[in-house]
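Have a look at the structure below before the remarks.
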There are 2 protein chains.
Amino acid sequence: MVSIKDVAKEAGVAISTVSKVLNNYPNVSEKTKNKVNEVVDRLGFVPNAVAVSLSSKKTGRVALLIKLSLSTQASDEINMRYISGAVHKAKELQLDVITVFASMIEDMTVEEVTSYFESQGIRGIIVYGMTTKDKVIHKLIDSGHFKMVVVDAPMVNDSTSSVSVDHVKAQYDVAKKTIIENKCKKVLYLAGEDTGYVTKDRLLGIKKLCEEKNLKLTVRNGQFSELRARELTMRFAKNADCVVCASDMMAIGAMKALIDMDIFRPVCGFDGIILMGYVGKQMNTVKQDFTKISEKAICELNRLMSGENGRKVTIKHELVRIKYEDIIV
Amino acid sequence: MVSIKDVAKEAGVAISTVSKVLNNYPNVSEKTKNKVNEVVDRLGFVPNAVAVSLSSKKTGRVALLIKLSLSTQASDEINMRYISGAVHKAKELQLDVITVFASMIEDMTVEEVTSYFESQGIRGIIVYGMTTKDKVIHKLIDSGHFKMVVVDAPMVNDSTSSVSVDHVKAQYDVAKKTIIENKCKKVLYLAGEDTGYVTKDRLLGIKKLCEEKNLKLTVRNGQFSELRARELTMRFAKNADCVVCASDMMAIGAMKALIDMDIFRPVCGFDGIILMGYVGKQMNTVKQDFTKISEKAICELNRLMSGENGRKVTIKHELVRIKYEDIIV
DNA sequence: TTGTATGCGTTATCAG
DNA sequence: CTGATAACGCATACAA
């Protein structure tokens with residue numbers, strides 16, 4: 001392993017000089033700069049990241065905190081998009097990423113979590129899919145100990161940014177499109193887990209729409225569960241003329257139930273997962289670009305880590321219909 | 001941040017003594033051991049992983065090298081299982097994991113890849129889904145520079161282990177079951193990408209079966225593609241009485257094609273992904289426990305890193321039929 | 001059994 | 001503009 005010492009010796013300069021040209025310090029003559037760079041290239045020297053972070057006390061190390069709740073198709077797809085978006089962007093920004101699953105820290109106290117991350121040299125954390133019940137994460141955010149970005153939760157303070165699509169508007173938009181296309185009057189809305197922040201927002205969206213359009217709205221808690229959506233659809237769909245769902249998995253459950261019941265109701269979902277193409281019936285849904293959301297989250301974390309303050313970042317969404325022909329590869 | 005120095009001072013001993021009790025060295029009196037441990041607990045001291053690895057020159061740091069080939073349902077599900085299995089087991093073994101996507105190193109030379117991983121303090125690498133065309137990875141393995149575990153590829157040497165199910169037997173088993181259940185005579189086999197190591201093995205399995213049972217075998221290259229499987233099924237399924245596929249995605253493509261063609265042929269797949277439950281028809285398939293495979297891979301890497309030699313590890317598979325009722329949550 | 005001293009590879013602070 | 005030198009937090013050979 002070629003170290004800075006080797007470079008220094010070979011170039012006939014001091015270690016500190018090499019360090020300076022590596023880090024683009026001023027006050028280094030062009031001549032020595034060139035000489036050092038030449039040697040660096042020739043020897044294929046790459047700074048030892050471990051030593052750099054020990055010395056500089058800055059790790060640029062980031063943790064992705066991911067919930068592996070239900071092991072459904074949907075969550076796998078979404079989490080993979082999150083991870084790959086983050087990892088790629090992180091490499092670009094020279095950050096180092098580790099993946100942590102919520103289950104790994106679930107019975108730790110804030111202090112334990114803090115020292116765990118600290119011992120790992122973590123400076124920033126991205127939290128995906130946080131709920132109101134995640135007390136430890138709330139405390140972590142309040143402590144201001146780490147720079148944090150929460151995806152799909154409204155936390156913002158000096159060291160915390162939030163990144164998400166506009167769930168209120170997105171739910172409003174997709175439902176409106178579906179309802180107008182089918183001239184509906186009575187909406188069955190299957191909401192998500194009531195501990196989720198997005199659940200509240202999406203509910204706001206559908207309520208706003210129904211008030212505006214003067215539609216009858218029935219809300220049931222489907223807990224983001226395909227099975228639960230299936231049951232609720234069986235029970236309540238007859239009295240409605242469309243089923244608006246707060247997630248694609250619920251939309252799929254609802255649609256499959258309707259097919260089994262042999263009645264037709266337009267259904268719309270939320271997320272834009274590939275599985276929507278396999279159900280046999282097309283549905284409107286909100287396409288969230290999870291990769292991009294995660295890239296933005298990394299960028300935002302980078303911003304925070306360079307000293308800037310937290311803020312709210314909103315990502316654009318898109319309305320789509322997912323067909324089998326479109327997704328088959 | 002509480003350091004070893006603080007602990008030493010508080011406990012009234014030398015830093016080296018603290019280090020010794022932390023690392024369970026012999027020759028430390030019970031008394032000081034207790035005292036130190038008490039202080040460690042009280043102060044909530046956790047060793048700084050960065051400093052540890054710089055000092056010991058051993059990082060225990062591991063990279064997961066993942067291919068993000070086609071962004072299909074299947075690969076997301078499989079990769080998430082791989083990642084979560086590895087991350088969890090790694091935490092248990094006190095290893096530190098980073099995720100790297102093949103695309104991030106695809107246009108690097110071996111030297112560049114080596115110094116990249118080296119600079120990141122990586123000592124071991126798990127390669128998922130390697131193909132015969134991955135020249136750089138081959139060279140990396142030959143170099144013996146890192147401890148490596150290849151999942152689904154037959155590489156083994158002093159510093160390299162392979163982990164996978166027995167693809168020959170698995171393909172043989174699942175096809176046999178399907179063929180016997182349906183009394184088939186003429187098999188259409190849709191093989192995978194011919195650069196994949198598993199492709200060869202699975203092909204061996206089906207060939208063996210067909211010879212044994214004296215069945216007519218037609219082999220076509222479906223490239224693990226759902227679309228390609230669809231096309232091939234449309235073209236060739238009429239002349240066969242069953243379709244054996246080297247992957248679930250192809251099985252799904254084939255089954256959907258058969259439904260559209262309005263003819264029936266038993267179809268079997270390979271992998272055991274959840275999506276199989278959404279196709280409407282049940283199929284036999286091989287269930288690979290990707291989480292466990294990845295856990296084993298980490299264990300194996302840990303073994304290699306503690307000085308042992310590479311070997312071949314085989315994981316058990318299972319034959320299943322995936323029904324919608326089973327997977328809905 | 002315990003403590004001292006040195007080094008790991010780098011950055012940063014000073015003199016020169 | 002350049003070069004010693006002291007950190008960073010910990011491990012470890014060696015001395016006591």
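The values are calculated or read from the model by the stated rules, or taken from the named source; none is laboratory data. In this text, all values refer to a predicted model and were calculated from it rather than measured experimentally. Cβ sites come from the backbone with ideal geometry, for glycine too, and all protein chains shown count toward neighbours.
Scan the range A:235-262 for residues that are in contact with a Leu (Cβ under 9 Å, 6 or more places away or on another chain) and either part of a helix (DSSP H, G or I) or without any contact (Cβ under 8 Å) to a residue 40 or more places away in the chain (or both) and the total you get is 11. Number of residues in the range A:1-21 that are more than 41 Å from the chain's Cα centre (by Cα), more than 7 Å from DNA strand C (Cβ to nearest atom) and either in the same structural domain as A:Gln94 (by TED's automatic domain parsing) or of a type in the set (A, V, I, L, M) (or both) equals 5.
Within the range B:100-124, the set of residues being among the β-branched types (Val, Ile, Thr) and more than 16 Å from DNA strand C (Cβ to nearest atom) comprises B:Val100, B:Ile105, B:Thr109, B:Val110, B:Val113. Residues that are surrounded by fewer than 17 Cβ atoms within 10 Å (Cβ to Cβ) and aliphatic (A, V, I, L, M) within the range B:283-319 comprise just one, B:Leu319.
The listed residues are B:Met234, B:Met250, B:Met261, and the only one of them that is modelled with pLDDT of 95 or more and either closer than 30 Å to A:Ala229 by Cβ or in contact with a Cys (Cβ under 8 Å, 6 or more places away or on another chain) (or both) turns out to be B:Met250. Residues that are within 11 Å of another protein chain (Cβ to nearest Cβ) and part of a loop (DSSP other than H, G, I, E, B) within the range A:24-57 comprise A:Gly44, A:Phe45, A:Val46, A:Pro47, A:Asn48, A:Lys57, listed in sequence order. Against the condition under 27 Å from the mean Cα position of the chain (by Cα), away from chain A (no Cβ under 14 Å) and small (Gly, Ala, Ser), how does B:Ala246 come out, does it pass? The answer is yes for B:Ala246.
Quick check on my filter: what residues within the range A:59-77 are more than 8 Å from chain B (Cβ to nearest Cβ) and either on the phi > 0 side of the Ramachandran plot or in contact with a strand residue (DSSP E or B) (Cβ under 7 Å, 6 or more places away or on another chain) (or both)? The answer is A:Gly60, A:Arg61, A:Val62, A:Ala63, A:Leu64, A:Leu65, A:Ile66, A:Lys67, A:Ala74.
To keep it simple, each residue is scored yes or no on (1) surrounded by fewer than 19 Cβ atoms within 10 Å (Cβ to Cβ); (2) more than 16 Å from DNA strand D (Cβ to nearest atom); (3) β-branched (Val, Ile, Thr).
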site	(1), (2), (3)
A:Leu93	yes, yes, no
A:Ile98	no, yes, yes
A:Ser103	yes, yes, no
A:Ile125	no, yes, yes
A:Met130	no, yes, no
A:Lys147	no, yes, no
A:Val156	yes, yes, yes
A:Val163	no, yes, yes
A:Asp166	yes, yes, no
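Looking at B:Val62, B:Val28, B:Val50, just one residue is under 30 Å from B:Met104 (Cα atoms) and either without any contact (Cβ under 8 Å) to a residue 12 or more places away in the chain or in contact with a Pro (Cβ under 9 Å, 6 or more places away or on another chain) (or both), and that residue is B:Val50. Within the range B:23-42, being within 12 Å of DNA strand D (Cβ to nearest atom) and under 23 Å from A:Tyr116 (Cβ atoms) holds for B:Asn23, B:Asn24, B:Val36, B:Val40.
Being surrounded by 12 or more Cβ atoms within 10 Å (Cβ to Cβ) and either within 8 Å of DNA strand C (Cβ to nearest atom) or under 20 Å from A:Val97 (Cα atoms) (or both) is the filter here, so list the residues in the range B:22-46 that pass it. Passing the criteria: B:Tyr25, B:Val28, B:Thr32, B:Lys33.
State all residues of the range A:260-277 that are hydrophobic (A, V, I, L, M, F, W, C) and more than 10 Å from every other protein chain (Cβ to nearest Cβ); if no residue qualifies, say none. Scanning the range A:260-277 gives A:Met261, A:Ile263, A:Phe264, A:Val267, A:Cys268, A:Phe270, A:Met276.
Within the set B:Arg265, B:Arg228, the sole residue that is crowded, with 18+ Cβ neighbours inside 10 Å and assigned to a helix (DSSP H, G or I) turns out to be B:Arg228.
Taking B:Lys296 as the residue in question, decide whether it is more than 14 Å from every other protein chain (Cβ to nearest Cβ) and either of a type in the set (Val, Ile, Thr) or within 21 Å of the chain's Cα centre (by Cα) (or both). Criteria met by B:Lys296.
Of the residues making up the range B:98-141, those that are in contact (Cβ under 8 Å) with a residue 40 or more places away in the chain and under 27 Å from B:Ala51 (Cα atoms) are B:Phe117, B:Gln120, B:Gly121, B:Ile122, B:Arg123, B:Gly124, B:Ile125, B:Ile126. Could you tell me how many of the residues in the range A:88-143 are assigned to a helix (DSSP H, G or I), farther than 30 Å from A:Val46 by Cβ and more than 10 Å from every other protein chain (Cβ to nearest Cβ)? Selection size over the range A:88-143: 12.
The combined condition, being surrounded by fewer than 20 Cβ atoms within 10 Å (Cβ to Cβ) and either touching a Cys at 6+ places or on another chain (Cβ under 8 Å) or free of Cβ contacts under 8 Å to residues at least 60 places away in the same chain (or both), is not fulfilled by B:Ser69.
Filter the range A:158-199 for residues that are of a type in the set (A, V, I, L, M, F, W, C) and without any contact (Cβ under 8 Å) to a residue 12 or more places away in the chain and give the result.
Answer for the range A:158-199, where residues must be of a type in the set (A, V, I, L, M, F, W, C) and without any contact (Cβ under 8 Å) to a residue 12 or more places away in the chain: just A:Ile180.
Looking only at the range A:9-22, count every residue that is more than 12 Å from DNA strand D (Cβ to nearest atom) and more than 15 Å from B:Ser119 (Cβ to Cβ) and tell me the total.
Keep residues of the range A:9-22 that are more than 12 Å from DNA strand D (Cβ to nearest atom), which gives A:10, A:22.
Add one more test, that the residue is more than 15 Å from B:Ser119 (Cβ to Cβ), and what stays is A:10.
So the count comes out to 1.
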